[in-house]
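K.L.:
Here you go, one structure.
No lab work stands behind these numbers, since they all come straight from the coordinates. Computed from a prediction, not measured in an experiment: that's the story for all the values here. Backbone-built Cβ (ideal geometry, glycine too); neighbour counts: all protein chains shown.
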């Protein structure tokens, strides 16, 4: 693979990680908040 | 042509920001539903010492279906896909378009990921996640079954919607998804016909694996099985949805179905090689299990008709290894998007009419 291909692959993996991390943060954060807010 | 070249120029920062914000609300919906539920009922299942609360609270009728879904996940879908494939052949739905090159691509893309993906996902789930998130295993196992089902369904499928949509709208990502659109026919094999790098970096695979690690494994079993069934039949050349459009009495069901889930009509439109006939919509219809995302984001087109031809205009029937493993292996076909110095997107290049496939 040429350097150009490695760059494209790295950018593609970066987008994949972003699409993975955003919903995980929303859902994980949301479920944790339920415990924090309602647990009293 | 399947890359959204025209609209990629029109995709404004505003559109993406709007759709991203809508997505945040959609992702949060199941959590909000759970907050309302727990506030209303006063339940506090996280205090329950039973670690697999979600499993215990599963409705009785799902317990009955559990072995079916378990078998579907382990071997059932492979058997179902092969059975569907045989039926498609028997009905002659591939015509004479299944050339030796297409045959190799379909078979390699169907078989190879079944051996190569599970070890990677197993490593991610069993080694990487416990290392990155120690002590988080099953922390959300208190989520009731219906809540987990709703949450996984939205999380998995909306994530795949975005993953898919961006591969059509961001030029540098298109070639990782091109193999899925290169076939000039539709069939059950299309569901798995992907470049391996596209498949191995599926964001929703790892998101769902993480949610399973966090304790939502039981509802995930049902969601992923239903999703596989819908996705496979939406790609199949057997149009199961036709009777719903033909018989007037079924029209109300059709109206709901075609807006809720991917049907052969809406998903075939996504695989069309042209949008000129008003039926093809390769610029949209990105939904996999749910078509609802396309309805919400305005990327959907419902016509209740099927395109007359499929594929991509700039297809050069590239070698199977290039379609499966680009950019690791390149095509030797001159001018191909998958060639060493090929264009990022085919229609950036001026072409003579004879180079344009029908």
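K.L.:
At q = 0.06, 0.08, 0.12 Å⁻¹, what log₁₀ I(q)/I(0) does a Debye calculation on the Cα points of region B:5-355 give, no solvent, two decimals?
P.N.:
-0.24, -0.42, -0.96
K.L.:
Using Cα centres only, tell me the gap between region B:141-167 and region B:182-224 in whole Å.
P.N.:
When both Cα centres are located, 12 Å separates them.
K.L.:
Related question: Can you give the Rg to Rh ratio for chain A, taking only C-alpha atoms and Rh from Kirkwood?
P.N.:
A ratio of 1.40.
K.L.:
In percent, what relative contact order does region B:5-355 have, based on Cα pairs under 8 Å that are 6 or more apart in sequence?
P.N.:
19 percent
K.L.:
Which whole number gives the average, over all residues in B:34-43, of C-beta atoms from other chains lying within 10 Å of the residue C-beta? Spell out each step's value before the answer.
P.N.:
Numbers: counts 4, 6, 0, 1, 5, 3, 0, 0, 1, 1.
Rounded to a whole number, the mean comes out at 2.
K.L.:
Follow-up question, since we're still on this one. Taking only Cα atoms, what is the 0 to 90° angle, nearest 10, from helix B:217-235's long axis to the longest principal axis of chain B?
P.N.:
So the inclination is approximately 20 degrees.
K.L.:
Seen from all sides and averaged, what is the projected area of the convex hull of the Cα atoms in the protein assembly as shown, in nm²?
P.N.:
21.2 nm²
K.L.:
Mind running the shape call on region B:152-241? Use the C-alpha gyration tensor, a ≥ b ≥ c as the square roots of the eigenvalues: rounded below 1.5 for a/c, prolate if a/b tops b/c, oblate otherwise.
P.N.:
Oblate, because a/c is 1.5 or more while a/b does not exceed b/c.
K.L.:
How far is helix B:251-260 tilted, in degrees, relative to the longest principal axis of the Cα atoms in chain B, given as a value from 0 to 90 rounded to the nearest 10?
P.N.:
Between helix and principal axis, roughly 90 degrees.
K.L.:
Given springs between every Cα pair under 10 Å in a Gaussian network model of chain B, which of B:86, B:345, B:143 has the largest fluctuation?
P.N.:
The residue with the greatest mean-square fluctuation here is B:86.
K.L.:
Sort B:317-326, B:330-339, B:186-195 for me by packing, meaning the mean count of neighbouring Cβ atoms within 10 Å per residue, highest on top.
P.N.:
So the peptides B:317-326, B:330-339, B:186-195, ranked by packing, come out B:186-195, B:317-326, B:330-339.
K.L.:
So what is the orientation-averaged projected area of region B:251-332, using the convex hull of its C-alpha atoms, in nm²?
P.N.:
Reported value for the Cα convex hull: 6.6 nm².
K.L.:
Per-residue ellipticity at 222 nm for chain B, helices alone: DSSP H runs ≥ 4 residues times -39500 (n - 2.57), over residue total, nearest 500 deg cm²/dmol? Show your work: numbers first, answer last.
P.N.:
Working: 17 runs with 197 residues, N = 358.
Helix-only estimate at 222 nm: -17000 deg cm²/dmol.
K.L.:
Given 25 °C and 0.890 mPa s, compute D for region B:81-196 with the Stokes-Einstein relation, Rh being the Kirkwood radius over Cα pairs; round to the nearest whole µm²/s.
P.N.:
141 µm²/s
K.L.:
Turning to a different aspect of this structure: Between the helical axis of B:60-71 and the dominant principal axis of chain B, each derived from Cα atoms, what acute angle in degrees is found, rounded to the nearest 10?
P.N.:
On a 0 to 90 degree scale, this one is about 40.
K.L.:
Averaged over A:6-16, how many beta carbons belonging to a partner chain fall within 10 Å of each residue's beta carbon?
P.N.:
The shielding value for this peptide is 5.
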